[in-house]
Amino acid sequence: VDATDGSLIWESATASAGYVEDAMTYSMPATPRTLDLNFDGYVDQIYLSDTGGQLWRFDVFNTNTNVSQLVRGGIIGQFASGSGTSNTANHRRFYEKPDVALISSNHFSVNIGSGWRYYPLDTTIQDEFYHIEIPTLWRYCLIHPEGARRSLYSYQNHRHVHTRETLS
């Protein structure tokens, strides 16, 4: 939305914007996490999460006057099996926006935890906290769901132990 007059500049759900995302089928209840990476006063990246256990990133190219090239991105991580499947243990939901921390001038981490607000004491769903390191600020990257899960560590049984175990 143009801040000066309120007119629509870009939206992800229309073909006229040059971008249609079929995976946008879950609610996104959290406020987007926006980043101004070069301190020019404009949003450069947007991070979102949804109730389907998906993590999204959009890069905004503010100097591009072509609307179809203004925003690029999509899912960078899928951490749930989705609704309607028999695997309810993996039906993770994100209700909060991801936390993003700059580690160095070209490296940052994205952190988010899953949970079910309607029934927070549920033990069927295996909720988890994710720490994802992204090695570059300006190159769009996809975190392959299986590859990401293999590289995560479980501290579930080691609350005060400093060793790591790889998830199987």
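Values for this structure:
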quantity	calculated
Options Asn111, Asn62, Asn66, Asn38: the member that is touching a His at 6+ places or on another chain (Cβ under 6 Å) and surrounded by fewer than 18 Cβ atoms within 10 Å (Cβ to Cβ)	Asn111
Unique match (being open to solvent by less than 70 Å² (accessible area, probe 1.4 Å), in a loop (DSSP other than H, G, I, E, B) and modelled with pLDDT under 80) among Ser12, Ser7	Ser12
Members of segment 114-133 that are among the hydrophobic types (A, V, I, L, M, F, W, C), in a loop (DSSP other than H, G, I, E, B) and open to solvent by 80 Å² or more (accessible area, probe 1.4 Å)	Leu121
Residue list for segment 39-66, filter: among the acidic types (Asp, Glu) and in contact (Cβ under 8 Å) with a residue 24 or more places away in the chain	Asp50, Asp59
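The values are calculated or read from the model by the stated rules, or taken from the named source; none is laboratory data. This structure is a prediction, so every number in the text was calculated from the model and none was measured. Here Cβ is always computed from backbone atoms with ideal geometry, including for glycine, and neighbour counts include all displayed protein chains. Side chains included, ligands, DNA and RNA excluded: accessible areas come from the protein's heavy atoms. Shrake-Rupley method; radii C 1.70, N 1.55, O 1.52, S 1.80 Å.
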